Each structure stands twice: as C-alpha cells, then as structure tokens.
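For reference, the structure is listed below as structure tokens.
All of the numbers you see were taken from the coordinates with simple rules; none came from a lab. None of these values were measured; they are calculated from a predicted model. For neighbour counting, all protein chains shown are included, and Cβ atoms are generated from backbone atoms with ideal geometry for every residue, glycine included.
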Amino acid sequence: MRIVGGTLRGLKLAEVGAGDAAAHLRPTTDRVREAIFNLLVNGTHGNPIPRARVLDLFAGTGALGLEALSRGASAVTFVEDGAKAQALIRSNIAKARAEGAAQLLRQDATRLPPCRDGGYGLVFLDPPYAQALGERAVGAALDGGWIAPGAMVVWEESRPPLVPAPLVPIDQRRYGDTLVTLARLPA
C-alpha cells in the first residue's frame, strides 16, 4: 500500500499483514483510493482538498487521510477504536512525518462526542461493510457538529448507503465490491 499522489507520492505505508480478523481491517486499495481522489480533484463539484481539515472515520490504516495531506489538506483527524488499526495509523503518521498535521482520536466513530474545534470540510468514511455502522457514524458526526457546512463526505460501502438529511448525495461510483458515495452538507 502506497500514497498514490501529491508530495508523499510513492511513500510505502505500514503493511496490514495477516491483520486482526476482529479489527475488520480492509484497507482501501491503491486503485480505489486513486479513483476517489481523481473524482474529488477532477469532479464537477469542486476540489475540496486544498487546505481542508479532514476527518477520517473508521480510519483503519490512515491511508485516506494521509493521501489527503499529501494532496494539500492542512490537517487530518483519524477516528479509530481498534488497537491494531491505531498502531498502524501511528506508524503511518510517523512514516509520512505528519505528526504536526495529524491526530489520532481513540473513539468509536458511531459514538462521537460534540466537536470542540469546529467542523471538518472533508470527511472520509470506510466502515465495516453491511453493518449500518456508516449511517450511525454519519448521524453522530452530524449531531456532534463534526461536519462543517459545505463539507464533502466520501463514503465507502458495499451497498448504497442511506445518506441522512441534511446531507445531499451528489455522485456514486462502483469499483469492484466497493461503492463510493459522495455527499455534501449544504452551506
């Protein structure tokens, strides 16, 4: 697994290895990650990455958030409650030398507390598939003020998610067994 674009392009990230079945680690493939970022950068909805504060829910290895930093985001907060995934994220932050722009919140993404420092302009969401955890996490993020007005949400699932109001779905693409949904919170 590598960073596929930006200033960190080619950086090899920590290997998941055999992983931890209980951790539900299923990293976004380089191919799908590249497709997501091409969609964000070249889409008709405007590039949300430059200088964005990024929230990476169910962060796993942290590859999506680090890819955003590589492409010009100003900061990323990784939300992950799995011990194995937290160790991978810490390792990948160190490999990217991103300690000053990244923070790891050891938290269940479906039970977010109120956001203390303003909402995020770009939100990645890659929950374990087909468990409705994405819907719960997005609801918690909306309720807690984690998603800023005008923010873009990038949601990976195996099936079309139930995008809660006031988010507005704006695009959806399938890459193998991954369905990527883009939604925006009205400004």
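Return the only residue of Tyr129, Tyr120 being of a type in the set (Ser, Thr, Tyr) and buried (at least 24 other Cβ atoms within 10 Å of the Cβ).
Tyr120
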Inset, instruction - Mind checking which strands (runs of 3 or more DSSP E) fall wholly inside segment 132-187 and carry at least 2 residues that are surrounded by fewer than 17 Cβ atoms within 10 Å (Cβ to Cβ) and touching a residue at least 60 places away in the same chain (Cβ under 8 Å)? - result: 168-175
Inset, instruction - Provide a single number: the residues in segment 104-114 that are assigned to a loop (DSSP other than H, G, I, E, B) and out of contact with any helix residue (DSSP H, G or I) (no Cβ under 8 Å at 6 or more places or on another chain). - result: 4
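Could you list all residues from segment 76-103 that are of a type outside the set (Val, Ile, Thr), in a strand (DSSP E or B) and touching a residue at least 40 places away in the same chain (Cβ under 8 Å)?
Ala102
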Inset, instruction - Residues being closer than 23 Å to Ala14 by Cβ and in contact with a Gly (Cβ under 8 Å, 6 or more places away or on another chain): count how many of those fall in segment 36-48. - result: 1
Inset, instruction - Could you grab the pairs with beta carbons closer than 8 Å, sequence gap of 6+ or different chains, first residue in segment 111-122 and closer than 13 Å to Thr77 by Cα, second one aromatic (Phe, Trp, Tyr)? - result: Leu112/Trp146; Cys115/Trp146; Gly119/Trp146; Tyr120/Trp146
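Scan segment 53-72 for residues that are more than 18 Å from Gly10 (Cβ to Cβ) and surrounded by fewer than 24 Cβ atoms within 10 Å (Cβ to Cβ) and report the count.
Our first condition is that a residue be more than 18 Å from Gly10 (Cβ to Cβ); within segment 53-72, this holds for 53-60.
Next, from what is left, pick out any that are surrounded by fewer than 24 Cβ atoms within 10 Å (Cβ to Cβ): 53.
Total satisfying the criteria: 1.
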Inset, instruction - Could you tell me whether segment 33-45 includes any residue that is small (Gly, Ala, Ser), in contact (Cβ under 8 Å) with a residue 40 or more places away in the chain, within 24 Å of Gly150 (Cα to Cα) and in contact with an Asp or Glu (Cβ under 8 Å, 6 or more places away or on another chain)? - result: yes
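Condition check ((1) over 11 Å from the mean Cα position of the chain (by Cα); (2) among the β-branched types (Val, Ile, Thr); (3) farther than 16 Å from Ile49 by Cβ) across all residues:
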residue	(1), (2), (3)
Gly121	yes, no, no
Pro127	no, no, yes
Leu133	yes, no, yes
Ala141	yes, no, yes
Trp155	no, no, yes
Legend entry - Yes/no for Leu88 being more than 20 Å from Val153 (Cα to Cα), buried (at least 23 other Cβ atoms within 10 Å of the Cβ) and among the aliphatic types (A, V, I, L, M): yes
Legend entry - Residues located in segment 98-134, provided they are hydrophobic (A, V, I, L, M, F, W, C) and in contact with a Lys or Arg (Cβ under 7 Å, 6 or more places away or on another chain): Leu104, Ala130
Legend entry - Qualifying residue in segment 34-45 (condition: more than 18 Å from Ala137 (Cα to Cα) and in contact with a Phe, Trp or Tyr (Cβ under 8 Å, 6 or more places away or on another chain)): yes
